[in-house]
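Trainee: I'd like to ask some things about the structure below.
The values are calculated or read from the model by the stated rules, or taken from the named source; none is laboratory data. None of the values given here were measured: they were computed from a predicted structure. Neighbour counts are summed over all protein chains in view; Cβ atoms, including those assigned to glycine, are modelled from backbone coordinates with ideal geometry. The accessibility values were calculated without ligands, DNA or RNA, using every heavy atom of the protein model including side chains. Shrake-Rupley method; radii C 1.70, N 1.55, O 1.52, S 1.80 Å.
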Amino acid sequence: MNKITSAFIRVLRQSSSSGGASNLLGRQLSYKSDLSLDKLYPSARLQIYTPPPPPSGSDKFSGFIPMDKLEITYSRSSGPGGQHVNTVNTKVDVRFKVAQADWIPEQTRQKLLTVLANRITKDGYFYIKSDLTRSQQMNLADALEKLRTVIRSQEAVETAPPSEETLEKLRRRQERAARERLQLKRGRAQVKADRQGPSGIDL
């Protein structure tokens, strides 16, 4: 047994008895891989980060969703996918209280409370789920985009009522279509009548 192996075994015994990490040949002994995220990206944020909201100068939804105001949970995704489905929590459930969502304009929030009344729980939570992909981050992005679509659907510009001129054009168009339909029916009836032989004539 060479010196390096014997020194390695001795250090392992000392670390196991003391319960702490030790140094061997100038290297820190630990069970963490050199390819861990905090070593590959030491300055990266490993948690969900919410940027500051953009300045809002109108009553429309800007698309900004504060992540700290949402309750996000992850679970096992259903459907095909092999063993990956049973080992990774990729399904995303996003929920929040609509009545307390101050990041949604007040008028839009009131519309959401009315339209989503059947989808809001007794506690006031509205749920958005996504298991579109096998990636947790992609499913989170998909759930947030679904939420933006729901909010923006209530801010769609309401069409103005048609003018008197437009109503008159529609009325004339309907009358013309009705006349053409009746004329076509009369023509077909005349063709069928002409196909029948004379009746009531004694030969």
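Trainee: Where nothing but the Cβ of Lys and Arg (+1) and of Asp and Glu (-1) is charged, how large is the charge dipole of the stretch 99-190 around its Cα centre, in debye to the nearest 20? Don't skip to the end; give the middle numbers.
Mentor: Working: 19 positive and 13 negative charges, 193 e Å.
Approximately 920 debye in magnitude.
Trainee: Right, here's the next one. Step through the table entries K60/K122; K39/K129; K60/K146; K91/K111, compare each Cα-Cα distance with 22 Å, and write down the pairs that go over it. If you can, show how the numbers build up before the last one.
Mentor: Details: K60/K122 28 Å; K39/K129 33 Å; K60/K146 17 Å; K91/K111 28 Å.
In this structure, K60/K122; K39/K129; K91/K111 exceed 22 Å between Cα atoms.
Trainee: Excluding ligands and nucleic acids, what accessible area in Å² is computed for D59 using a 1.4 Å probe, to the nearest 10?
Mentor: Accessible area of D59: about 130 Å².
Trainee: Can you pull the accessible area of E106 for me, 1.4 Å probe, Å² to the nearest 10?
Mentor: Roll a 1.4 Å probe over it and E106 shows about 100 Å².
Trainee: Report the accessible area of S78, computed with a 1.4 Å probe over the heavy atoms of all protein chains in place, in Å² rounded to the nearest 10.
Mentor: Probe radius 1.4 Å; accessible area of S78 about 80 Å².
Trainee: Given a 1.4 Å probe and heavy atoms of the protein chains only, how would you sort V115, V88, largest accessible area at the top?
Mentor: Working: V115 85, V88 50 Å².
Most to least solvent-accessible, the answer reads V115, V88.
Trainee: Here's something else I'd like to know. What net charge do the residues around R181 carry, taking every other residue with its C-beta under 13 Å from that of R181, with Lys and Arg at +1 and Asp and Glu at -1?
Mentor: Around R181, the charge tally is +4.
Trainee: Separate question: Just to make sure I understand: if all protein chains stay in place, what is the order of K129, K122 by accessible area at 1.4 Å, largest first? It would help to have the intermediate numbers written out before the result.
Mentor: Working: K129 110, K122 205 Å².
Highest to lowest solvent-accessible surface, that is K122, K129.
Trainee: May I ask you to rank L116, L184 by accessible area, largest first, using a 1.4 Å probe over the protein chains only? Show your work: numbers first, answer last.
Mentor: Details: L116 15, L184 120 Å².
Ranked from most to least accessible, the order is L184, L116.
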